[in-house]
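Report on one structure; see the data block that follows.
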Amino acid sequence: MIQDSYKTIRKSVEAELKEKGSRFVCRATPVSTRDEAEKLIGDINQKFYDATHNCYAYNVGCGKDTISRFNDDGEPAGTAGKPILQAITSRHLTDIVVIVTRYFGGTKLGTGGLVRAYGGSATLALDKADIIIEFLKTDVNILYDYQYSNLVRNLINKYKGDIESTDYGENVSQNIRIRNSKTTEFINQLTDLSSGHVKVNLNT
């Protein structure tokens, strides 16, 4: 089955949890790439350099191409990054980075307490988030004579395609994006209805 959609969050959210004097401030942010996630982590580390720990987890990409990373930032192994990642994966989210900043309050929480605090603060933030469904799309280039403009426009609208660019030369050349699961059907419709006069290339 063609992967057609994924879940992420619409915009950044923040939540705070207090446990035995320690503050756990969680920030969940949508991202598009691993580099964007890593940059955000670096920015948080710089901005909140006075924090005891800045622990994180993120998912970027879909299916077999998903990149997952987590980091305990000095906390005992498995007590911070992993429970944060669990909060993400339990909601089947991707293209998201979740960072929990801890300010130590003077009382050690133990490994179980840390897991609950880091996982709990991530859960609080994600419970506040507006979770949305995004559709995976294929880049398609189409080339056609002007007489087929109405046909092409109607099919793009029918399949809810996104027009990325249009070049009006001797012929019309358009780069568009179509949902993965609808791409083959869209191409077949273009080809059939134009009797093959609309030329289609997949941008790979």
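Values quoted throughout were computed directly from the atomic coordinates according to the rules given, and no laboratory measurement underlies them. What you see is a predicted model, and the numbers here were worked out from it, not measured in a lab. Cβ atoms come from the backbone with ideal geometry, glycine included; neighbour counts cover every protein chain shown.
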>> Rounded to whole Å, give me the distance from the Cα center of the stretch 145-182 to that of the stretch 34-97.
In response: 39 Å
> On average over all directions, what projected area in square nanometres does the stretch 59-188 have, based on the convex hull of its Cα atoms?
Replying inline: 11.3 nm²
> Ordered by packing density, taken as the mean number of other Cβ atoms within 10 Å over each peptide's residues, highest first, how do 65-73, 48-56, 104-112 rank?
Replying inline: 48-56, 65-73, 104-112
> Here are some pairs, Lys39/Lys160; Lys39/Lys108; Lys18/Lys82; Lys82/Lys137; Lys7/Lys199; Lys39/Lys182; which of them have Cα atoms lying more than 26 Å apart in this structure?
Replying inline: Lys39/Lys160; Lys39/Lys108; Lys82/Lys137; Lys7/Lys199; Lys39/Lys182
> For the chain, what does -39500 (n - 2.57) per DSSP helix run (n ≥ 4), summed and divided by total residues, give at 222 nm, in deg cm²/dmol to the nearest 500?
Replying inline: -9500 deg cm²/dmol
> What are the trypsin sites (Lys or Arg not before Pro) within the stretch 124-177 that DSSP puts in a loop, where the Cβ has at most 14 other Cβ atoms within 10 Å?
Replying inline: Lys160
> Helix 149-158 versus the longest principal axis of the chain: what is the Cα-based angle in degrees, 0 to 90, to the nearest 10?
Replying inline: 30 degrees
> Going by alpha carbons, how many degrees (0 to 90, nearest 10) lie between the helix axis of 183-193 and the longest principal axis of the chain?
Replying inline: 10 degrees
> Cα axis of helix 110-128 to longest principal axis of the chain: angle in degrees, 0 to 90, nearest 10?
Replying inline: 40 degrees
> Which value results for Rg/Rh of the stretch 5-133 when Rg is the Cα radius of gyration and Rh the Kirkwood radius based on the inverse mean 1/r?
Replying inline: 0.95
